[in-house]
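Enquirer: Attaching a single structure in structure tokens format; questions to follow.
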Amino acid sequence: VQLQASGGGLVQAAGSLRLSCTASRRTNSNNAMGWFRQAPGKEREFVASINWNGGSPTYVDSVKGRFTISRDRVKSTAYLQMNNLKPEDTAVYLCAVARSSWATSTSSEYAYWGQGTQVTVSS
């Protein structure tokens with residue numbers, strides 16, 4: 001399974017971006033999907049995850065109320081709508097497909113990873 005993430009870019013603080021992650025084939029339709037991010041010099045951080053059926057969206061506390069994860073199983077695509085962006089959101093955002101059907105914040109429980117898309121938020 002190959003994952004292609006897109007939608008990143010440069011945005012001013014308080015702006016919005018929508019990230020997309022499309023799988024090369026529909027093998028992920030019964031698997032949870034997630035988004036992580038990694039800023040320079042920092043460890044990879046969980047951002048959001050969603051069940052195979054679009055249920056139980058889970059978020060890291062720092063993005064709750066600002067980010068929304070969703071998915072379209074027919075299109076094999078997951079989305080991350082990011083509103084009210086802050087400079088501390090600047091990072092490479094990576095999407096991943098989990099080994100199980102259930103949302104998880106643990107990176108080791110993800111089997112496939114995309115290459116990432118850069119998000120830069122200016123103050």
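Enquirer: Aspartates and glutamates near residue 64 by alpha-carbon distance under 15 Å, same-chain residues fewer than 8 away left out - which ones?
Expert: Output for residue 64: 45, 88, 89.
Enquirer: From the alpha carbon gyration tensor of the chain, can you work out the equivalent ellipsoid semi-axes (sqrt of 5 times each eigenvalue) and give them in Å, largest to smallest?
Expert: Values: eigenvalues 100, 37, 36 Å².
The three semi-axes for the chain are 22, 14, 13 Å.
Enquirer: Dipole of the chain, Cα-centred, from +1 at each Lys and Arg C-beta and -1 at each Asp and Glu C-beta, to the nearest 20 debye? Could the numbers behind the result be given before it?
Expert: Details: 13 positive and 7 negative charges, 72 e Å.
Here the chain has a charge dipole of around 340 debye.
Enquirer: State, as an integer percentage, the relative contact order of the chain based on alpha-carbon contacts under 8 Å between residues 6 or more apart.
Expert: Values: 335 pairs, mean separation 45.0, N = 123.
RCO, the chain: 37 percent.
Enquirer: Report the residue, chosen from 39, 48, 78, that carries the largest GNM mean-square fluctuation when the chain is represented by alpha-carbon nodes joined by springs under 10 Å.
Expert: Residue with maximal mean-square fluctuation among 39, 48, 78: 39.
Enquirer: While we're here: Cα centroid distance between the range 100-123 and the range 26-79, in Å?
Expert: Here the answer is 7 Å between Cα centres.
Enquirer: Any idea what Rg and Dmax come out to for the range 1-48 if you just take the C-alpha atoms, in Å?
Expert: Gyration radius and largest Cα-Cα distance of the range 1-48: 13.2, 37 Å.
Enquirer: What would the Debye equation give as log₁₀ I(q)/I(0) for the range 58-123 at q = 0.12, 0.22 Å⁻¹, counting only Cα atoms as equal point scatterers?
Expert: With no solvent term, the Cα-only Debye profile gives -0.35, -1.16.
Enquirer: Then there is this: Which residues in the range 8-44 have a backbone N closer than 13 Å to a point placed 7 Å from the Cα of residue 101 along the Cα-to-Cβ line?
Expert: 29-32
Enquirer: Determine the per residue accessible area of the chain with all protein chains present and a 1.4 angstrom probe, expressed in square angstrom. Working shown, then result.
Expert: Details: 6080 Å² over 123 residues.
Solvent-accessible surface per residue comes out at 49 Å².
Enquirer: Additional query: Could you sort 35, 102, 52 by their accessible area in this structure, using a 1.4 Å probe and putting the largest first? If you can, show how the numbers build up before the last one.
Expert: On the way: 35 0, 102 145, 52 70 Å².
Final ranking, largest accessible area leading: 102, 52, 35.
Enquirer: Report, to the nearest whole %, how much of the accessible area of the chain belongs to carbon and sulfur atoms, 1.4 Å probe, protein only.
Expert: On the way: 2810 of 6080 Å².
It is 46 percent, rounded to a whole number.
Enquirer: Over the chain, with a Gaussian network built from C-alpha contacts below 10 Å, which listed residue (93, 112, 79) shows the highest mean-square fluctuation?
Expert: Checking each option, the largest mean-square fluctuation is seen for 112.
Enquirer: What residue among 13, 91, 32 shows peak mean-square fluctuation when the chain is described by a Gaussian network model with Cα springs under 10 Å?
Expert: Among 13, 91, 32, the largest mean-square fluctuation in the Gaussian network model of the chain belongs to 13.
Enquirer: Within the range 71-105, which residues have the backbone N less than 17 Å from the label spot 7 Å out from residue 56 along Cα→beta-carbon, could you tell me?
Expert: 71, 97-105
Enquirer: So, in nm, how far is label residue 14 from label residue 72 when the simple model puts each one 7 Å beyond its Cα toward the Cβ?
Expert: 3.1 nm
Enquirer: Enter the accessible area of residue 42 (Å², nearest 10), with the probe set to 1.4 Å and all protein chains included.
Expert: Rounded to the nearest 10, that gives 140 Å².
The values are calculated or read from the model by the stated rules, or taken from the named source; none is laboratory data. Small disclaimer: the values here were computed from a predicted structure and weren't measured. Ideal geometry is used to build each Cβ from the backbone, glycine not excepted, and the neighbour counts take in all protein chains shown. Ligands, DNA and RNA are stripped out before the accessible areas are found, and what is left, the full protein with its side chains, is counted by its heavy atoms. Shrake-Rupley method; radii C 1.70, N 1.55, O 1.52, S 1.80 Å.
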